[in-house]
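Accompanying notes for the structure given below.
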Amino acid sequence: MRTTGKSGNGSGVRWGVTVDLKRCVGCQSCTLSCKAENGTPPGVFWTWVVEKEEGTYPFAYTMYMPMRCNHCNDPACVPVCPTGASHQREQDNLVLVDQELCIGCHSCVVACPYQVRYIPESDRGYYGDKKTPYEEVKYKGWEAGTTQKCNLCAPRIDRGLKPACVQACPTRALSFGDLNDPESDIVKQIDQRKHFQPRVELGTDPNVYYLT
Amino acid sequence: MAQRFNAQLRRQQEWGWLLSTWLFLSGTGSCLFLVYEVFGLPVVFARLSLGIIILGGIVLLLELGAPGRAWRGVSKLSTSWLSRGALSVSIFVASSALYLAPAFPAFSFLSWGEASAVAKVLEWIAILSALMITLYPGIFLSQNRSIPFWNTPWLVLAMVINAWLGANAVVLLGAGLLKEGSTVFGSLAWVMLANIVVTGLYLWLMERAGGAARESVRLLTREEVSRAFWVGVVLVGMIVPLALVVGMKSATVLTGLCLLVGGFLFRYCVLKVGVYVPSTVVQEGVDFSKLNRTSNALLEKEYAAMAANVGRRA
């Protein structure tokens, strides 16, 4: 795996995700696998699937749209951070939060147009103050009062694995790869299919592509 | 089909009373120092300014999720307005405290007099940092691309005018309660008028912008905080004080109180109606009904055949 190069400038690794809206069936496997992998607090989901009914009887249907951090090339959340806690990783484009630097000012939470940043007020688990053994382990990965968000499973990526949500998707609606590698599957998908980047007009240059 | 996804509008839930209080105190306190300098007011107003800014800093600390490491807040001066603001507050507190200290008996050992070069340098540093503190909260909010209602220089202008009015309100209270300072300033009525015009233009432009900005105006004027806006900001904060300044110049305390209430509620209302651009983001023109599903025409044919079969069986 390449680990050099500057983020989002076309010369190094630029991790991206494609979401095939034709394949997504709204099973929430990505939501659950993210929860299991990252042990996020109650009520916080780093990725989830929006579900919406459209049309009218007898031509009604449900639409599914997985939502997540877009790990933008020009993220709105990073420059507003007064401490540098929100940053883009040097070796790639991942937008991460160093919770030991974060002061919990909420600036990044408000600045993110995708509303995918969270500040849990406490570290209470799903069953109150007493944590489950799983929570005891996983909750050490984040700190109450500071920002947390999808890290695209950076620890897994660093071990050469796919993000948990991509791994778990049963319909292969989610794909992951290097957007700077013309031979990668996701670049080919983007070349071949109609697609859009969410809220691209805000100038954030997201690295999540929705295939339509 | 994408339109319904894109119509989902959500208000920001992160900031409320505490941040409004910080915006109010930092704006009022910093501008009070500027007003003190511009109008040559008694030194008590400079001391008040310092006190208000320190109080604002304490309120901001309460807002933080991890206040113990607030000192890190000055680490990103190159990009973050919050960082620049935090540094300005620190410089202001230090420079104005040193500038004002010799007047207190406990600090009489500090040798610089009011006209000395050291005092002048400290005074100018305090003036420049106060100017920065007046400007940065509005710029900090207006940097948010996610909330169109804030993402405009009109908000910066409105915040600066409100800060100026807040400082004048403190001076009016001082004139009434402490028997110090000026009575009503000649320019105050014009600034109040400017406030009304700028606020009106700001809301009108946001209404015309449509989308999330229009939703913010709707929440402000018809839903959620409309009572606080119409009664608190418009009536108490704009109309009543303007009438008092024009028609009853002796009512300095009441005018000052009205301006302070209106200024505080203005910040509160603006924060509360910050509506995000829709987060369920679908590019215009994407038709979900065409996503690998049986086309409506085929379904229609299928249903027609079923209906015909049902008709035959009947």
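The values are calculated or read from the model by the stated rules, or taken from the named source; none is laboratory data. Nothing here was measured: the structure is a model prediction, and the numbers come from that model. With ideal geometry, Cβ positions are generated from the backbone for all residues, glycine too; neighbour counts draw on all protein chains shown. Only protein heavy atoms, including side chains, enter the accessible area calculation; ligands, DNA and RNA are left aside. Shrake-Rupley method; radii C 1.70, N 1.55, O 1.52, S 1.80 Å.
How many residues are farther than 17 Å from B:VAL170 by Cα and assigned to a helix (DSSP H, G or I) when one looks only at segment B:247-260?
Matching residues across segment B:247-260 total 1.
Looking only at segment A:119-135, which residues are in a loop (DSSP other than H, G, I, E, B) and either within 14 Å of chain B (Cβ to nearest Cβ) or open to solvent by 40 Å² or more (accessible area, probe 1.4 Å) (or both)?
Scanning segment A:119-135 gives A:ILE119, A:PRO120, A:GLU121, A:SER122, A:ASP123, A:ARG124, A:TYR126, A:TYR127, A:ASP129, A:LYS130, A:LYS131.
Any idea how many residues of segment B:116-134 are surrounded by 20 or more Cβ atoms within 10 Å (Cβ to Cβ) and aromatic (Phe, Trp, Tyr)?
The total comes to 0.
Looking only at residues in segment B:91-114 that are modelled with pLDDT under 75 and assigned to a loop (DSSP other than H, G, I, E, B), which one is nearest to the chain's Cα centre (by Cα)?
This residue is B:GLU114.
Looking at the structure I just gave you, is B:SER88 open to solvent by less than 40 Å² (accessible area, probe 1.4 Å), within 13 Å of chain A (Cβ to nearest Cβ), of a type in the set (S, T, N, Q) and touching a Lys or Arg at 6+ places or on another chain (Cβ under 9 Å)?
Numbers: open to solvent by less than 40 Å² (accessible area, probe 1.4 Å): yes; within 13 Å of chain A (Cβ to nearest Cβ): yes; of a type in the set (S, T, N, Q): yes; touching a Lys or Arg at 6+ places or on another chain (Cβ under 9 Å): no.
No.
Looking at segment A:34-47, is at least one residue open to solvent by 10 Å² or more (accessible area, probe 1.4 Å), free of Cβ contacts under 8 Å to residues at least 60 places away in the same chain, in contact with an Asp or Glu (Cβ under 8 Å, 6 or more places away or on another chain) and among the aromatic types (Phe, Trp, Tyr)?
Within segment A:34-47 (the criterion being open to solvent by 10 Å² or more (accessible area, probe 1.4 Å), free of Cβ contacts under 8 Å to residues at least 60 places away in the same chain, in contact with an Asp or Glu (Cβ under 8 Å, 6 or more places away or on another chain) and among the aromatic types (Phe, Trp, Tyr)), the answer is no, since none of the residues qualifies.
Any idea which residue in segment A:195-211 is nearest to the other protein chains (Cβ to nearest Cβ), counting only those that are among the aliphatic types (A, V, I, L, M) and under 17 Å from the mean Cα position of the chain (by Cα)?
The residue in question is A:VAL200.
May I ask you to say which residue of B:LEU219, B:LEU244, B:LEU203, B:LEU271 is in contact with a Gly (Cβ under 8 Å, 6 or more places away or on another chain) and either outside any loop (DSSP other than H, G, I, E, B) or at pLDDT 90 or above (or both)?
Result of the check over B:LEU219, B:LEU244, B:LEU203, B:LEU271: B:LEU271.
What is the residue count in segment A:60-118 for residues that are in a loop (DSSP other than H, G, I, E, B), in contact (Cβ under 8 Å) with a residue 12 or more places away in the chain, polar (S, T, N, Q) and within 11 Å of chain B (Cβ to nearest Cβ)?
3
Just checking, how many residues over segment A:159-185 are under 22 Å from A:VAL13 (Cα atoms) and more than 16 Å from the chain's Cα centre (by Cα)?
Count: 8.
For segment B:10-53, what are the residues that are closer than 20 Å to B:TYR276 by Cα and polar (S, T, N, Q)?
B:GLN12, B:GLN13, B:SER20
Among the residues of segment B:135-158 satisfying the criterion of being open to solvent by less than 10 Å² (accessible area, probe 1.4 Å) and in a helix (DSSP H, G or I), which is farthest from the other protein chains (Cβ to nearest Cβ)?
B:ALA158
Okay, residues lined up against (1) out of contact with any Ser or Thr (no Cβ under 8 Å at 6 or more places or on another chain); (2) modelled with pLDDT of 95 or more; (3) open to solvent by less than 60 Å² (accessible area, probe 1.4 Å):
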{"residue": "A:CYS150", "(1), (2), (3)": "no, yes, yes"}
{"residue": "A:ASP158", "(1), (2), (3)": "yes, no, no"}
{"residue": "A:ALA164", "(1), (2), (3)": "no, yes, yes"}
{"residue": "A:PRO170", "(1), (2), (3)": "no, no, no"}
{"residue": "A:ALA173", "(1), (2), (3)": "yes, no, yes"}
{"residue": "A:ASN180", "(1), (2), (3)": "no, no, yes"}
{"residue": "A:ASP185", "(1), (2), (3)": "no, no, no"}
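Which residue, of B:GLY73, B:GLY65, is in a helix (DSSP H, G or I) and in contact with a Cys (Cβ under 8 Å, 6 or more places away or on another chain)?
Working: B:GLY65 fails: in a helix (DSSP H, G or I).
Testing whether each residue is in a helix (DSSP H, G or I) and in contact with a Cys (Cβ under 8 Å, 6 or more places away or on another chain) leaves just B:GLY73.
I need the full set of residues from segment B:7-24 which are open to solvent by 20 Å² or more (accessible area, probe 1.4 Å) and within 14 Å of B:TRP164 (Cα to Cα), in order please.
B:PHE24, the sole residue that qualifies.
Output the number of the condition that B:VAL74 fails; it satisfies all remaining conditions of (1) within 14 Å of chain A (Cβ to nearest Cβ); (2) buried (at least 19 other Cβ atoms within 10 Å of the Cβ); (3) under 27 Å from B:LEU219 (Cβ atoms).
Condition (3) is where B:VAL74 drops out.
From (1) crowded, with 22+ Cβ neighbours inside 10 Å; (2) over 23 Å from B:VAL156 (Cα atoms), pick out the condition that doesn't hold for B:SER250.
So B:SER250 meets the others, but not (1).
Answer with yes or no whether B:GLY73 is within 26 Å of B:ARG267 (Cα to Cα) and at pLDDT 95 or above.
Criteria not met by B:GLY73.
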